[in-house]
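Reviewing the structure listed below.
Throughout, read-outs are computed from the coordinates displayed, never taken from laboratory work. Since we're looking at a predicted model, the values are computed, not measured. Here Cβ is always computed from backbone atoms with ideal geometry, including for glycine, and neighbour counts include all displayed protein chains.
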Amino acid sequence: MLASTFLVACTSPSDRYPKGEIENICKDTFVKINRTVATSDIYIDRAFLRTLVKPFDETYYLSDVIKFFFQERLRSIETTNEDANGNTLIYKFPRGKNIIVRLSIQPESDERCLNYAYTKEYPAQAYPWLRELGLQPGKCIALEHSSTIQSKIQIKVQEKPIGAQFNGMNWQKKYIVTLSDSNVQKASTAADMSDVYAEGGGGKAGKNFYFPCGWKDAKVREFYRAVESVGNDEIVVPEKIFWSANTAANVSSFTSYEKLLSFKWVAKVGKVNSSNIIDSAGTAWVTWAPKRDHFGYEFNVLKNGKLNSSWIVSSERGMPNLSGLGTTKNGYAVIEFTSFDHPSSNHYLIEFDSLGRQTSTSKLTLEQYQTLERLD
């Protein structure tokens, strides 16, 4: 249900508003549901979309809308690129209140994928959280714009100012929200809502939002019972499996020259380091993962719908320096080194099986390390 992602809102202190003013307005709020609708595509006005993705924050980003999209398992979501204050959701798209942006999941070959280049420009920052949300390998976040709304289910809202306090720094506004459905023979309204919210603050601290009526966000949650997503089978949230640390930190000498030559670079040493280590498909990566019981990095492999993670056991004290990712006959390997500044620094080959479990840590001679560097 779309209601599931809406956070419980705060009630503002009772002395923030003149006695009786908000109480009288709150009496006029209501929710009316004519019938429920199921959908996979939805349009939501920017004013109300903010209430869903970041209810207490003036600013929200495309990443927040993407998270909402995945959590609700939609096939597409549409909104206006520009809000009432002139803020754009996707800066590279045309501005204007009549420009509609649409988000969906498509094959990576789709040209609309180029509009969300975050996964190519910053793969280590983008792929891990997108994979955890359920974006599958071979799929992309596709973005497009148009002058018309394509979704049959639409949530539109009017905001009506009803008062201001403290020299205009705190506003009370009324939502008038309609959920319309054009899937039926004749377009009709499935639900209506009227509710009050307030915004305050500004400057460096940013704005904050409240639902000053006594029922907090109950009106919004009730309204959202009128619509639910039918789901999207392209969104598959992976099962998380964490492999506990083993004895892989016991360092051995690397003696097999044949094994060394079987190493294939995925992200070559010197090009990446530490938490920027990731393969081009976004299915194997290193993340910076400090936890209460350890301080360092985790290696992650997405395979067969499961996200396998294991703590990288370092051969040195403290946080490891990591550089490069490669494949081996049995899985993967990353390089650990002790110093950025000295070419003769100790180097280690940390190996993982195909499920991301650390299997060994081997110390390399300088000659062996230089051999690795020369491999394609």
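Peptide packing: for 107-116, 360-369, the average count of neighbouring Cβ atoms within 10 Å per residue gives the ranking 360-369, 107-116, highest mean first. Between ALA84 and VAL237, the C-beta separation translates, for a Förster distance of 41 Å, into a calculated FRET efficiency of about 0.75. For the range 53-117, relative contact order (Cα pairs under 8 Å, six or more residues apart, normalised by length) works out to 27 percent. Note that the range 192-199 has calculated 3J(HN,Hα) couplings of 10, 8, 10, 8, 10, 9, 10, 10 Hz, one per residue in order, obtained from phi through the Karplus relation 6.51 cos²θ - 1.76 cosθ + 1.60 (θ = phi - 60°); glycine and proline are x.
Of the cross-linked pairs LYS303/LYS329; LYS27/LYS216; LYS54/LYS306, those separated by over 23 Å at the C-alpha level are LYS54/LYS306. The mean sequence separation of alpha-carbon pairs under 8 Å and at least six residues apart, normalised by the residue count of the range 28-89, gives a relative contact order of 43 percent.
Which FRET efficiency value, to the nearest 0.05, is calculated for LEU114 and ASN304 with the Förster distance at 35 angstrom and r the Cβ-Cβ distance?
Values: r = 29 Å, r/R0 = 0.83.
E between LEU114 and ASN304, to the nearest 0.05, is 0.75.
For the range 67-80, backbone phi angles converted through the Karplus equation (6.51, -1.76, 1.60; θ = phi - 60°) give residue-by-residue couplings of 4, 4, 4, 6, 4, 8, 6, 8, 8, 7, 9, 10, 7, 7 Hz, Gly and Pro being listed as x.
Taking θ as phi - 60° and the Karplus parameters 6.51, -1.76 and 1.60, the scalar couplings of the range 272-287 work out to 9, 7, 6, 7, 9, 7, 6, 8, 5, 7, x, 10, 9, 7, 10, 10 Hz in sequence order, x denoting glycine and proline.
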